[in-house]
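The values are calculated or read from the model by the stated rules, or taken from the named source; none is laboratory data. Given the structure is predicted, the values throughout are model-derived calculations rather than measurements. Note that we place each Cβ from the backbone using ideal geometry, even for glycine, and neighbour counts take in every protein chain shown. In case anyone asks, the SASA skips ligands and DNA or RNA and just uses the protein heavy atoms, side chains included. Shrake-Rupley method; radii C 1.70, N 1.55, O 1.52, S 1.80 Å.
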There are 6 protein chains.
Amino acid sequence: MSDIVNDFNAYRSKMNAEIMADNNKVIKRIFNLDTNAYAPGALDVKTKELLGLVASTVLRCDDCVKYHLESSHKAGLSKAEVVEALSIATLIGGTIVIPHLRRAYEFWDALENQK
Amino acid sequence: MSDIVNDFNAYRSKMNAEIMADNNKVIKRIFNLDTNAYAPGALDVKTKELLGLVASTVLRCDDCVKYHLESSHKAGLSKAEVVEALSIATLIGGTIVIPHLRRAYEFWDALENQK
Amino acid sequence: MSDIVNDFNAYRSKMNAEIMADNNKVIKRIFNLDTNAYAPGALDVKTKELLGLVASTVLRCDDCVKYHLESSHKAGLSKAEVVEALSIATLIGGTIVIPHLRRAYEFWDALENQK
Amino acid sequence: MSDIVNDFNAYRSKMNAEIMADNNKVIKRIFNLDTNAYAPGALDVKTKELLGLVASTVLRCDDCVKYHLESSHKAGLSKAEVVEALSIATLIGGTIVIPHLRRAYEFWDALENQK
Amino acid sequence: MSDIVNDFNAYRSKMNAEIMADNNKVIKRIFNLDTNAYAPGALDVKTKELLGLVASTVLRCDDCVKYHLESSHKAGLSKAEVVEALSIATLIGGTIVIPHLRRAYEFWDALENQK
Amino acid sequence: MSDIVNDFNAYRSKMNAEIMADNNKVIKRIFNLDTNAYAPGALDVKTKELLGLVASTVLRCDDCVKYHLESSHKAGLSKAEVVEALSIATLIGGTIVIPHLRRAYEFWDALENQK
């Protein structure tokens with residue numbers, strides 16, 4: 001079941017390495033910003049991960065949702081907290097969000113079943 | 001050929017059941033509204049299904065398109081009616097809709113070839 | 001109250017004339033297609049107008065919504081039919097559609113109060 | 001300066017009243033859900049307001065941003081917290097978010113200068 | 001006629017200054033990237049401005065379109081080149097782009113009539 | 001490695017043929033416009049392909065990105081030019097574009113490794 005986690009991370013790492021090696025300055029800085037923006041500041045890491053998750057969900061980006069689900073899991077957020085965030089995303093984004101909600105539930109289960 | 005219909009429905013049913021079992025009140029009510037909104041009212045079921053289809057198409061949600069193609073098929077809409085609705089979606093949404101149009105044609109064929 | 005209708009149409013006509021006079025072939029053909037696509041075919045004019053309205057609403061294009069509200073009004077659609085179409089758009093598109101729903105209600109009122 | 005707050009709320013209240021009076025069941029239930037979804041649960045009100053704010057910002061809905069800025073202000077969130085949430089929205093949503101960021105800053109100032 | 005240019009630039013400058021003064025690191029870096037990305041590189045400035053214009057148009061961000069129209073004008077692009085880029089944006093993005101096309105034509109005229 | 005190119009083109013050709021055979025006038029004209037819009041005019045073919053690529057990328061349409069990557073490759077654009085265009089798309093569209101950037105890099109590699 002957790003293969004969808006491993007597959008996602010393997011492809012992501014491989015292609016990120018290729019993009020970084022290509023050395024485009026604008027893209028590299030955006031990647032760096034992506035790392036920095038979720039560091040603790042006025043808001044803590046858990047809140048920031050939920051913000052990233054909800055933004056990714058309403059924009060209907062499955063890979064971004066997976067990334068933030070995994071970061072949320074690592075940050076110690078509970079399923080109840082994650083689902084409540086996803087419910088707000090579904091209300092704001094409408095029923096077109098539902099297919100992404102299905103895949104989010106599947107990916108969260110895979111994260112919890114990982115060893 | 002109709003495997004894409006069965007696969008879609010099997011995954012959809014499995015994950016919807018999991019989401020419903022999780023019992024988030026906001027999500028459950030949105031699912032219920034989704035059922036009610038397409039019931040006959042001032043507009044008949046066929047018209048409502050076409051509205052759902054066109055909205056799903058311009059928002060480029062393949063799973064939503066599949067869902068409404070199947071409901072449209074069950075409601076007795078003809079391919080000519082469905083394609084005319086899709087043509088309006090393509091004009092409004094532009095050529096980025098075309099990849100979704102390809103998959104819609106493929107799925108409609110699968111629906112017609114189902115036994 | 002119906003000033004918002006007149007203002008919309010005056011600006012729209014003026015700028016459309018300027019765009020047409022500029023004579024870009026691709027843009028002109030898209031404008032022509034826009035006229036043809038809503039002519040009666042497998043679907044009648046009323047259904048097509050509602051399709052255009054719902055697509056415009058979920059894509060959150062206020063000017064497109066106004067245009068299709070006026071065409072829907074001219075095609076003889078009732079407020080009950082238009083609102084039911086808008087309710088499907090709100091469900092599919094989510095609560096971000098609500099500000100556009102407010103402006104749609106305001107514009108429909110202006111259409112009904114026109115002399 | 002706080003006129004943009006009053007104008008927004010006056011129009012919003014007037015049109016919401018008209019929509020509610022029209023009594024469409026689907027739309028009414030979505031409005032009700034909108035109230036319930038931001039009540040405290042697994043997540044507290046402040047976190048939920050920031051989720052609504054970020055979702056509204058990446059979807060580039062100025063009226064939704066204004067609504068959540070005002071709710072965030074009422075919930076006692078600081079400008080530093082709100083801006084950090086907006087910075088994540090700008091990174092995820094890209095530079096097309098910047099015009100909405102400008103209007104968000106202007107509206108927040110108006111909220112702080114209200115009497 | 002060129003008031004729409006001056007109004008746009010005055011508001012943009014005032015709010016950008018306020019955002020920069022607020023000193024959020026992520027937002028400041030995105031603003032800096034925005035300046036750097038359009039500098040000549042493998043592609044020349046004119047091509048890059050057209051890329052920014054088309055991206056802004058299909059994403060239907062009027063303020064972004066205005067900004068890139070002004071930069072395109074300053075970079076010495078002709079109306080014929082700009083309109084051809086806009087025609088591609090209209091084809092890809094569909095008829096929902098048309099209201100933004102109207103405002104783009106109006107703004108370009110204002111740029112040409114500026115003293 | 002170039003299988004992703006062949007698979008994409010085979011499916012695209014098969015479904016385009018089916019859509020054309022279905023003979024919907026609006027859809028056929030949009031397909032024709034799609035061919036004409038990228039012909040040389042005030043702008044040359046290379047510039048137009050980059051415009052199509054950037055529009056497809058910010059709208060996050062993987063199939064459209066693949067199509068324009070292949071056309072860009074055929075038109076003789078270099079990887080450096082294509083990547084610079086993609087960097088502008090990533091800045092404008094935000095980090096949600098990154099998953100599409102990964103797939104664009106993979107597809108470009110496949111195009112270069114084709115025989």
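A few remarks follow.
- Distance between the pseudo-spin-label points of residue D:74 and residue B:14 (7 Å out from Cα toward the beta carbon): 4.4 nm.
- Hull shadow area, averaged, the protein assembly as shown [alpha-carbon convex hull, nm²]: 28.7 nm²
- Think of a 1.4 Å ball rolled over the protein heavy atoms: the protein assembly as shown then has 37 Å² of accessible area per residue.
- Put the Cα centre of the stretch D:36-65 next to the Cα centre of the stretch B:62-89 and the gap is 34 Å.
- Pseudo-label separations to other copies for residue E:40 - Cα-to-Cβ vector, 7 Å, nm: 2.3, 4.9, 6.1, 6.1, 6.9
- Sorted from closest to farthest, the other copies place their residue B:113 label points 3.2, 3.2, 5.7, 5.9, 6.6 nm away, with each point set 7 Å from Cα along Cα→Cβ.
- Calculated Rg and Dmax of the stretch E:1-58 using C-alpha coordinates, Å: 14.0, 38
- Size of chain B from its Cα atoms: along the principal axes, largest to smallest, the extents are 39, 36, 28 Å.
- Lys-Lys pairs in chain C that are eight or more residues apart or on separate chains and whose Cα atoms lie under 23 Å of each other come to 19.
- The residue of chain C whose Cβ sits closest to the rotation axis that maps C onto E, together with that distance in whole Å, is C:60, 5.
- Springs join every pair of Cα atoms under 10 Å in this Gaussian network model of chain B, and among B:26, B:58, B:97 the largest mean-square fluctuation is at B:26.
- Chain B, helix-only ellipticity at 222 nm - DSSP H runs n ≥ 4, -39,500 (n - 2.57), divided by all residues, nearest 500: -25500 deg cm²/dmol
- GNM top mover of E:84, E:49, E:18 - chain E, alpha-carbon springs below 10 Å: E:18
- Point-charge dipole on Cβ atoms (K/R +1, D/E -1) for chain D, about Cα centre, debye to 20: 280 debye
- Our coupling estimate for the stretch F:3-8, obtained by passing each phi through the Karplus curve with A = 6.51, B = -1.76, C = 1.60 and θ = phi - 60°, is 4, 5, 6, 5, 4, 4 Hz, Gly and Pro reported as x.
- Note on chain A: GNM, Cα springs under 10 Å; of A:87, A:71, A:13, the largest mean-square fluctuation is that of A:13.
- Look at the alpha carbon pairs under 8 Å that are at least 6 residues apart: their mean separation over the length of the stretch A:3-112 gives a relative contact order of 30 percent.
- The other copies place their residue E:62 label points at 0.7, 0.7, 3.6, 3.6, 3.6 nm from this one, listed shortest first, where each point is 7 Å from Cα along Cα→Cβ.
- Charge tally in the Cβ shell below 15 Å around residue D:18, where Lys, Arg are +1 and Asp, Glu are -1, residue D:18 excluded: +2
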